[in-house]
Each structure stands twice: as C-alpha cells, then as structure tokens.
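The values are calculated or read from the model by the stated rules, or taken from the named source; none is laboratory data. Note that this is a predicted model, so its numbers are computed, not measured. Note that each Cβ is placed from the backbone with ideal geometry, even for glycine, and that neighbours are counted across all protein chains shown.
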Amino acid sequence: MWTFIHKWGSPKWFYAMSARVQPWCWAVSLLLIATGTVWGLAFAPTEVNQGQGDSFRIIYVHVPAAFLAQSVFVSMAAASLVFMVWKIKVADMAATVMAPFGAVMTFVALFSGAVWGVPTWGTWWMWDARLTSMLILLFLFLGVIALRGAFASRDSGSKAASVLAMVGVINIPIIKYSVDWWFTLHQPATFTLTSRPAMPTEMWLPLLVMVLGFYGFFIALTLMRTRNEILRREMNKRWVIDLIREAR
Amino acid sequence: MAFSSFAAFLAMGGHGPYVWAAWGVTALLMIACVWHARIERRLLIRSLTRRTRREKMRPPQSGKTAPNSLQASQADDT
C-alpha cells in the first residue's frame, strides 16, 4: 500500500502511468455520455405524473453536474489534505486542476437548474437553501482558484488554497441536507442508497448512465490536466528534459 | 422512442428552448474543458521542445542557467 502511494506520488511515475489509464477513461466516459444522451433525450418516456412534460429531460445534465460539483470539491479537499499531511506534490497538482472544472460543473448545475425552474417553478431563481448553498459552492471554487494565484510563491498559494478547500468542505453536507433541513422549492435527492428512486426505471437508468459518464469525464480530464501541470512544474527536471528530447 | 417525428423531438413538447439551452450550455462547456486541456498540452510541449532545441545550439556549460522563455527559477527540489 505504501509503495503504491509512493509510486503514484512521484510525478514521473504518475506521468507515465496516467498515459496508459487515460485513453480508457475517455473511451468509457464518452461511451456512457453518448448512450445517456440518446437514451435520455429521445427514448426515456415523457414525464406525466407532475405535468413537467419534456422539460424534465434537463435532469440528465442537471443532476450529473450537481453530483460532480460536490464530488469535485470533496476530491479537491481530499487531495489538499494529502498534500498538507504527506507533502505529496502530485496531490497539489491534481487539486489545482480540479478547481476550474468544479467551478464549471457548479455553473452548469446552477444554469440548467435556473433554465429548468422557469417552466416548472415559474421562476429562474429563489433564495432557497439548496440554490444558495450551491451558489456558495461556486464562490468557494472561485475563491480557491483566486487564492492560489494571489501569492508570489507557489508554495504559499498551494497551502492557502488547500486550507480553504478543506474548510470549505463544510458546505457539502449543508448542500446535501439543505432540502431536508429547510423548507425549499427544490425536490429531495433523486438517488439515495436506502430506497429506490421515485421515478420509473426507464427514466432513472439513463440518468445513472449519465452520472457515471460524467464521473469518467472528471477522472479523464483530471488525469490529462494533471499531466500538463506536471510538465509545467517539473520542466527543469532531468526526466522531463529527457522526455522532450526523446520525443523529437 | 418518445417522439413521433424529428420536429416533435426538437420541440420537446413546447419546452424546446429550455431543454436545448440547458443541454447546449452543458455540452459547450464540457467540450471547452477538453479543448482547453489539449491546447494547454500542445503549447507546453511546443515551448519545452523549443527550449531543448535552443540549448542544443549553445555549448553545454552556458546551458546551466536554463534559458527559457517561461517562468524561470522553478527548479525547487524535493
């Protein structure tokens, strides 16, 4: 186990191994997203119970994006913790590249939710617990990005961003339980571990496919951008210089 | 198939603008993420290749200071 962590913590090892894993991640995620898109947009039955009609098809981008927004933040905080405790640089690089993607996913969740709200709730925004805590999540992501860039030395920026990410994790349970703790317009969780989803199988199955596809996308993109970050930070290291020389 | 025709598919039962706006923005941003990562990689490789080429032209001794157009002084160890 320790040798495993040590190997993956080495930028050189990570760079070499992620090159092998990455194509598979892309292939699986694109396959899942393509399947989920066709299934969700064209084949899933139109919603009739709540009279939402076809506007419910927004769920297939809204829920995966909202899942990812929170998962990316937790991953970023976990990577920050690993960096702070064990000083593993690759963890800090991964945390660096996760932040912008997390911000994008949070924005997608907010935007698709707002667009969905117009025909369903009659309003695109409410200062409701779920929506507000998601907006705070977006600001946390932007804060982490800004804080990282606000220091002259990269090391100070990394430490400050790590601390903010770890503290900001407090917001995640607030988002999760916001629909139970406060009266809110937002409906409760779509997927729970304890019970079956409240919608028919042919509706939630494509959603599950989409969620998995988005997770795959996150992993693939994080690997790809961490590799870039490794090249950028290690460019004066012998192995990078040799790598570039060999590639020519 | 939940729709009878392609026109019905586009109309989304009258909710077309909402559905396509949400899906469109999502797709656009995700494609932009991939595109950005690819450009980032290409630019990095290009500048690193250019640096090695430059270093090859000058004698090895003076190459110690690692002349490069990118941020220098990042040779922090450990």
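Could you please give the count of residues in the range A:225-239 that are surrounded by 18 or more Cβ atoms within 10 Å (Cβ to Cβ), among the hydrophobic types (A, V, I, L, M, F, W, C) and more than 9 Å from chain B (Cβ to nearest Cβ)?
So the count comes out to 1.
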- Evaluate the range A:72-90: report whether one residue or more is in contact with a Pro (Cβ under 9 Å, 6 or more places away or on another chain) and under 17 Å from A:W13 (Cβ atoms). yes
- Task: Kindly provide the set of residues from the range B:1-27 that are closer than 25 Å to A:G216 by Cβ and surrounded by fewer than 16 Cβ atoms within 10 Å (Cβ to Cβ), ordered by number.
- Result: B:G24, B:A27
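Yes/no matrix, rows are residues, columns are (1) touching a strand residue (DSSP E or B) at 6+ places or on another chain (Cβ under 8 Å); (2) among the aliphatic types (A, V, I, L, M); (3) exposed (fewer than 12 other Cβ atoms within 10 Å of the Cβ):
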position	(1), (2), (3)
A:G157	no, no, no
A:W182	no, no, no
A:T192	no, no, yes
A:P197	no, no, no
A:L205	no, yes, no
- Query: Among the residues of the range A:115-140 satisfying the criterion of being within 14 Å of chain B (Cβ to nearest Cβ) and surrounded by 16 or more Cβ atoms within 10 Å (Cβ to Cβ), which is nearest to A:A77 (Cα to Cα)?
  - Reply: A:L138
- Message: Here is a check on your reading of the model: is A:V90 in contact with a Phe, Trp or Tyr (Cβ under 6 Å, 6 or more places away or on another chain), within 14 Å of chain B (Cβ to nearest Cβ) and closer than 23 Å to A:R232 by Cβ?
- Response: yes
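Okay, residues lined up against (1) within 30 Å of B:G13 (Cβ to Cβ); (2) surrounded by fewer than 23 Cβ atoms within 10 Å (Cβ to Cβ):
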{"site": "A:A42", "(1), (2)": "yes, yes"}
{"site": "A:Q50", "(1), (2)": "yes, yes"}
{"site": "A:V74", "(1), (2)": "no, yes"}
{"site": "A:L81", "(1), (2)": "no, yes"}
{"site": "A:K89", "(1), (2)": "no, yes"}
{"site": "A:A94", "(1), (2)": "no, no"}
{"site": "A:T106", "(1), (2)": "yes, no"}
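Would you mind finding the one in A:P45, A:P100 that is within 12 Å of chain B (Cβ to nearest Cβ), of a type outside the set (A, V, I, L, M) and within 16 Å of A:S162 (Cα to Cα)?
A:P100
Condition first: in a helix (DSSP H, G or I), of a type in the set (V, I, T) and in contact with a Gly (Cβ under 7 Å, 6 or more places away or on another chain). Can you find one or more residues in the range A:179-198 that meet it?
no
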- Got at least one residue in the range A:123-133 being charged (D, E, K, R) and without any contact (Cβ under 8 Å) to a residue 24 or more places away in the chain? no
- Report yes if some residue within the range A:143-158 is of a type outside the set (A, V, I, L, M, F, W, C) and more than 14 Å from chain B (Cβ to nearest Cβ); otherwise report no. yes
- Unique match (being at pLDDT 95 or above and away from chain B (no Cβ under 12 Å)) among A:A77, A:A65: A:A77
- Query: Out of (1) at the interface with chain B (Cβ under 9 Å from one of its Cβ atoms); (2) at pLDDT 95 or above, what's the single condition that is false for A:A27?
  - Reply: (1)
- Tell me which residues, restricted to the range B:28-42, are surrounded by 15 or more Cβ atoms within 10 Å (Cβ to Cβ) and either in contact (Cβ under 8 Å) with a residue 60 or more places away in the chain or of a type in the set (G, A, S) (or both). B:A37
- Query: Does A:L131 satisfy the criteria of being part of a helix (DSSP H, G or I), modelled with pLDDT of 95 or more, touching a helix residue (DSSP H, G or I) at 6+ places or on another chain (Cβ under 9 Å) and over 20 Å from A:Y215 (Cβ atoms)?
  - Reply: no
- Message: Just to check your reading of the model, which residue among A:M166, A:M126 is out of contact with any Gly (no Cβ under 6 Å at 6 or more places or on another chain), of a type in the set (A, V, I, L, M, F, W, C) and within 17 Å of A:H62 (Cβ to Cβ)?
- Response: A:M126
